[in-house]
Amino acid sequence: MIDRARDTVSSLTRLGVGLLALAIVVSLLVGSSNMAFFGDVVGNITGLVASLGNAGLPGLIALGVVIWLVK
């Protein structure tokens, strides 16, 4: 049962990462103002990276945890 839940979460994570990559590419191709569904994906990611960078060591630790979870 736990293996099935882990597989489901893994599949949903892969789907989310794929949709994020698609949104980034489409945003760069057509511009963020033309994307009603995805919004300003590139701006949101830039803001997230900037806020993690301003947080210092805790931001770096949080980034490491997020990368570890995605892998």
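What the table shows:
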item	result
Leading residue by the ranking (nearest to T46 (Cα to Cα)) among those in region 10-24 that are surrounded by 11 or more Cβ atoms within 10 Å (Cβ to Cβ) and among the aliphatic types (A, V, I, L, M)	I24
Condition met for L22 (in contact with a Leu (Cβ under 6 Å, 6 or more places away or on another chain) and either of a type outside the set (S, T, Y) or at pLDDT 80 or above (or both))	no
Among residues of region 44-58, those that are farther than 30 Å from S33 by Cβ and either in contact with a strand residue (DSSP E or B) (Cβ under 9 Å, 6 or more places away or on another chain) or surrounded by 10 or more Cβ atoms within 10 Å (Cβ to Cβ) (or both), counted	0
Residue list for region 32-52, restricted to those being in contact with a Ser or Thr (Cβ under 8 Å, 6 or more places away or on another chain), modelled with pLDDT under 75 and among the small types (G, A, S)	G39
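The values are calculated or read from the model by the stated rules, or taken from the named source; none is laboratory data. For clarity, every value in this text was computed on a predicted model and none was experimentally measured. Ideal geometry is used to build each Cβ from the backbone, glycine not excepted, and the neighbour counts take in all protein chains shown.
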